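The values are calculated or read from the model by the stated rules, or taken from the named source; none is laboratory data. Predicted model only: the values in this text are computed from it and were never measured. Neighbour counts run over all protein chains shown; Cβ positions are idealised from the backbone, glycine included. Calculation scope for accessible area: heavy atoms of the full protein, side chains included, ligands and nucleic acids excluded. Shrake-Rupley method; radii C 1.70, N 1.55, O 1.52, S 1.80 Å.
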Amino acid sequence: MGKGAAFDVDKVLDQLTTTEKIGLTAGIDFWHTYPVERLGVPSIRTSDGPNGVRGTKFFNGVPSAVFPNGTGLASTFDKDLFREAGQLMAEEAKHKGAHVILGPTTNMQRGPNGGRGFESFSEDPYLAGIASAGVVGGIQDGHIAATIKHYVGNDLEHERNSSDSIITQRALREIYLEPFRLAVKYSQPKAFMTGYNKINGEHVSQSKFLIDDVLRKEWGWEGLVMSDWYGTYTSKDSLNNGLDLEMPGPARLRTSDAVGQQITSKEVHINALNDRVRNVLELVKYALDGEAAEFTGEDTKNNTEKTAELLRKIAADAIVLLKNEDDILPLKKEEKIAVFGPNAKYGAYAGGGSASLRPYYIVTPYEGVTKKLGYEPPFTVGAYAHDNLPGLAQQTINPDTGKPGLKMSFYHQPRGTEGREKFDELEIETSYHILFDYKNEKIRNNLFYADFEGEFTADDTAEYEFGVTVLGTAQIFIDDKLIVDNKDKQIQGRAFFNTGTVEVTGKVQLEKGKKYNVRVEFGSGSTRTYEQKSGVDFVGNGAIQFGVAKVIDAQEEIKKAASIAKAADKAVIFIGLNGEWESEGYDRPDLALPGHTNDLVEAIIAANPNTIVVNQSGTPVEFPWLQKVKGLIHAWFGGNELGNGIADVLFGDVNPSGKLSLSFPLKFEDNPAFLNFHTERGRVLYGEDIFVGYRFYEKLQRKVAFPFGYGLSYTSFEFSNLKSSVDESNDKLKFSVDVKNTGKLKGKEVVQFYIKKVESDVIRPIKELKGFEKIELEAGKQSTVSTEISLKDSISFFDEYQNKWSAQAGEYEVHVGSSSDDIELIEKFNVEKSHFWTGI
Ligand code: BGC
């Protein structure tokens, strides 16, 4: 492979046998396409996506750069940063030998509790579309193919493979297809991944309407469509209707027997097969033309200062300052600061599922604050907020290397078997392992056993709780004594994409400073004792997750935290969710903060009114103590530089400029999808129609905790002199506005442009975001911000009767402000001629 090595697609197509053609329409393994070496067609590599590039291994993978999650990145509202993030993703891809990134995630957050809401960008299709286009553009600047996913209406996790999204044509066009359309219009992604779901009765991965009519014909997009993993459901319809690639391989639906028969019987036209193969070959050719073709291995050489700098900038710029009463922020280094909360030392760097990846490193919020202060501030956790117990491997020392982690030894037989044979040994640094892609030629019949061994030093004389979740069997021993038994009476839970057991725990009294030998004995997937009811079939090798935490008395611990807070000038509490609460595979049941978090926050505020709460989550949570807290920051899942990014904002080294990419409702029940956010009898009704996110709250005048587009700064801005001009013949709408930094600090502001139709014969949202620009200004300085957007994209609604977009003549308004509910300027403009349109 290498530059200039590319082949002629038509020539190759001519020379391929039917068997080879069929082969090319499916992967060969979990990440690679099918090669035809005799014709110079290599196998190319795909890799998840969307907040980093994992490489080919789930199990013990090569560490990678982890970017802030999608809703965080979108909250920067910074088009240059979207692109730069994409460019860094391309660089990472080269170091993971990947030609195709499986991202970004372009879906909408219909409801605030969607399990994968954190992955995608926004509840607003324009912001999601522009963010997708920016990231795709950056990825493809590096000549790596981007795959936008999951096309389309794949907005919840509940029964995702069969869930039928019932959506009106209007909502489908205006809300759900729109970000994909904008990404096609502005960045031409090389690939699309279809969702697992159906739309109006038809699986997207075999929908002629969605793949062929809309995407290819109407939008004129040329590229490759792949299925989500195990999301190809038929051979005939998927081939005829435009799904180019079944993933992963080896083929399940596109075996040469199955497709051969369809071809022989002319159920699948040979031209359809040729079209599919041509698209696969074009993508392989693109990869060959790129630099990525020269990379095959997976390394960590991109773990550089430059990488860290950009990740830190994105992490900080994504942060949204929600409250700052009495200018409690920024913190001053000479103040006596005390730190609390479950997320302070946890390092919630990413959401869970296929978007999770092993980071180069993690800077926790506590470490970030410590670096600023130059000393370790007083800390107590105050409350736990984990689902499963926090990582054991991060709290043990590998006896062989003396480094953090565990030694993992693989055997053919269980412990206690005479003469048992060891066949592999690894150093393990993390505590969550899906082993399905672990390969060893010595494994027979998917059956093996592994011992994880490490030394644990108790930091207190107290009771400690150990726990293990497994797909297989597992037991935990402390100094050879059985403490946790997850072997015989197993109960299936939601771990590992709904295939593992619930967590089983056990307690043991330990002494401060004493070293204990910890051993976790694992039996591979096939040793499990329960009948797997649902989920992806990982049974082969299985999966395991283990953790430990000191047992705390919740009320005592809160009291302790409050008394430490009392003695400080300011208390900073790090709270929120993590990749266990927000993950692929399941949705959140509500928006509540976990465990005793709210009690902790209330108690600390009562003890010290000078309290700042830093929340981390990818989608909204409820803040029942909102009125009482002076300082509140929303910090997302900030990638591996999260702690530095948060500390930069807390101490004012970065003036916050993030704006919420989605509304935070006051309570869960207020959200537009509340009644319909689950699959019932196979279908999920999109009952709120086009009124998603702020479109709903505004129309119903429903108060929210924080509106879409909202975010404060340590300085202040004023907008004036809004001008607009309409150029109908060239489809242009231009605005300019003067922005002045009226405060005392340099800062950035996002100018948001919303469009409103003054009178309408169809129901429409109050206003819709159709443009934004970010500007940086020194204190006291003023500048003019201009933007130019597509007229038809900004004023049209989708007319179901005509089955076309309708750009109506009449009076419109542009609303300009720094948030959806802080509109400072309004200007009218007129459109003379009505017209209908399709396409991009
Ligand atoms: C996810 C995709 C992902 C794929 C490969 C699926 O479970 O839905 O987003 O790219 O797995 O990991």
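Note on the stretch 36-53: among residues that are over 22 Å from Phe121 (Cα atoms) and of a type in the set (A, V, I, L, M), the one that is most open to solvent (accessible area, probe 1.4 Å) is Leu39. For the stretch 34-47, the criterion of a residue being over 14 Å from Pro248 (Cα atoms), outside any helix (DSSP H, G or I) and of a type in the set (D, E, K, R) is satisfied by no position.
Residues are listed down the side, and each one gets a yes or a no for (1) of a type outside the set (Asp, Glu); (2) more than 16 Å from the ligand (Cβ to nearest atom); (3) at pLDDT below 95:
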{"residue": "Lys323", "(1), (2), (3)": "yes, yes, no"}
{"residue": "Lys336", "(1), (2), (3)": "yes, yes, no"}
{"residue": "Pro342", "(1), (2), (3)": "yes, yes, no"}
{"residue": "Gly347", "(1), (2), (3)": "yes, yes, yes"}
{"residue": "Gly351", "(1), (2), (3)": "yes, no, no"}
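A single entry from Asp451, Asp459 fulfils the requirement of being open to solvent by 30 Å² or more (accessible area, probe 1.4 Å) and either part of a strand (DSSP E or B) or of a type outside the set (Gly, Ala, Ser) (or both): Asp459. Only one entry in Val470, Val502 is more than 22 Å from Asn60 (Cα to Cα) and among the aliphatic types (A, V, I, L, M), namely Val502.
Pairs meeting the criteria (first residue in the stretch 583-596 and in contact (Cβ under 8 Å) with a residue 12 or more places away in the chain and under 19 Å from Gly493 (Cα atoms), second residue within 16 Å of the ligand (Cβ to nearest atom) and open to solvent by 50 Å² or more (accessible area, probe 1.4 Å), beta carbons under 7 Å, at least 6 apart or on different chains) are Gly585/Arg494; Tyr586/Arg494; Asp587/His158. Annotation note: of Thr106, Thr56, Thr25, Thr76, the sole residue that is more than 17 Å from the chain's Cα centre (by Cα) and surrounded by 24 or more Cβ atoms within 10 Å (Cβ to Cβ) is Thr25. When the residues of the stretch 462-499 are filtered to those that are surrounded by fewer than 19 Cβ atoms within 10 Å (Cβ to Cβ) and polar (S, T, N, Q), the one that is farthest from the ligand (Cβ to nearest atom) is Gln492. Of the residues in the stretch 399-410, none is under 23 Å from the mean Cα position of the chain (by Cα), surrounded by fewer than 22 Cβ atoms within 10 Å (Cβ to Cβ) and not hydrophobic (A, V, I, L, M, F, W, C).
For the stretch 392-422, a residue qualifies if it is touching a Pro at 6+ places or on another chain (Cβ under 7 Å) and farther than 21 Å from Leu435 by Cβ, and exactly one does: Ile397. Selection over the stretch 816-840 of residues that are open to solvent by 20 Å² or more (accessible area, probe 1.4 Å) and under 17 Å from Phe717 (Cβ atoms) gives a count of 5. Checking Val502, Val508 one by one, the residue that is within 26 Å of the chain's Cα centre (by Cα) and away from the ligand (no atom under 16 Å from the Cβ) is Val502 and no other.
Taking the listed residues Val704, Val726, the one that is touching a strand residue (DSSP E or B) at 6+ places or on another chain (Cβ under 7 Å) and surrounded by fewer than 18 Cβ atoms within 10 Å (Cβ to Cβ) is Val726, with no other qualifying. Of the strands (runs of 3 or more DSSP E) contained entirely in the stretch 98-185, those carrying at least 1 residues that are at pLDDT 95 or above, within 15 Å of the ligand (Cβ to nearest atom) and touching a Gly at 6+ places or on another chain (Cβ under 9 Å) fall at 100-102, 145-151.
Table: residues versus (1) assigned to a loop (DSSP other than H, G, I, E, B); (2) aliphatic (A, V, I, L, M).
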{"position": "Ile558", "(1), (2)": "no, yes"}
{"position": "Ala568", "(1), (2)": "yes, yes"}
{"position": "Phe574", "(1), (2)": "no, no"}
{"position": "Gly579", "(1), (2)": "yes, no"}
{"position": "Pro594", "(1), (2)": "yes, no"}
{"position": "Leu600", "(1), (2)": "no, yes"}
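Go through Ile314, Ile362 for me and flag whichever is within 22 Å of the chain's Cα centre (by Cα), away from the ligand (no atom under 16 Å from the Cβ) and buried (at least 23 other Cβ atoms within 10 Å of the Cβ).
Answer to the check: Ile314.
Residues in the stretch 200-234 that are in a loop (DSSP other than H, G, I, E, B), farther than 17 Å from Asn279 by Cβ and away from the ligand (no atom under 16 Å from the Cβ): Asn200, Gly201, Thr234. Looking at the structure I just gave you, is Gly618 of a type outside the set (Phe, Trp, Tyr), open to solvent by less than 10 Å² (accessible area, probe 1.4 Å), assigned to a loop (DSSP other than H, G, I, E, B) and touching a residue at least 40 places away in the same chain (Cβ under 8 Å)? Yes: the conditions hold for Gly618. Whether a residue is among the β-branched types (Val, Ile, Thr), in contact (Cβ under 8 Å) with a residue 12 or more places away in the chain, more than 25 Å from Ser354 (Cα to Cα) and open to solvent by less than 60 Å² (accessible area, probe 1.4 Å) was assessed, and Val508 passes this test. Number of residues in the stretch 61-88 that are more than 27 Å from Leu321 (Cβ to Cβ) and within 16 Å of the ligand (Cβ to nearest atom): the value is 3. Of everything in the stretch 245-292 that is within 16 Å of the ligand (Cβ to nearest atom) and among the charged types (D, E, K, R), the residue that is surrounded by the fewest Cβ atoms within 10 Å (Cβ to Cβ) is Arg252. Does Arg170 qualify as being open to solvent by less than 10 Å² (accessible area, probe 1.4 Å) and touching a residue at least 60 places away in the same chain (Cβ under 8 Å)? So Arg170 does not fit the description; no. What pairs come up if the first residue lies in the stretch 220-231 and is of a type in the set (Val, Ile, Thr), the second is within 14 Å of the ligand (Cβ to nearest atom) and open to solvent by less than 20 Å² (accessible area, probe 1.4 Å), and their beta carbons are under 6 Å apart, counting only those six or more places apart or on different chains? Hits for this filter: Val225/Phe192.
Within the stretch 798-818, residues that are more than 17 Å from Leu172 (Cα to Cα) and of a type in the set (Asp, Glu) sit with their Cβ atoms under 8 Å from residues that are in a loop (DSSP other than H, G, I, E, B) and modelled with pLDDT of 95 or more, at 6+ positions apart or across chains, in these pairs: Glu811/Val758; Glu811/Glu759; Glu813/Val758; Glu813/Lys767. Filtering the stretch 429-442 to residues that are touching a residue at least 12 places away in the same chain (Cβ under 8 Å) and either among the aromatic types (Phe, Trp, Tyr) or surrounded by fewer than 20 Cβ atoms within 10 Å (Cβ to Cβ) (or both) leaves Glu429, Thr430, Tyr432, Phe436, Asp437, Tyr438, Asn440, Lys442. Taken together, Gly61, Gly49, Gly55 contain a single residue that is at pLDDT below 95, in contact with a Pro (Cβ under 8 Å, 6 or more places away or on another chain) and not aliphatic (A, V, I, L, M), which is Gly49. Considering the conditions (1) modelled with pLDDT of 95 or more; (2) open to solvent by 60 Å² or more (accessible area, probe 1.4 Å), Ile573 is excluded by exactly one of them, (2). Here Gln490 meets each of (1) farther than 28 Å from Ala355 by Cβ; (2) in a loop (DSSP other than H, G, I, E, B) with one exception, condition (1).
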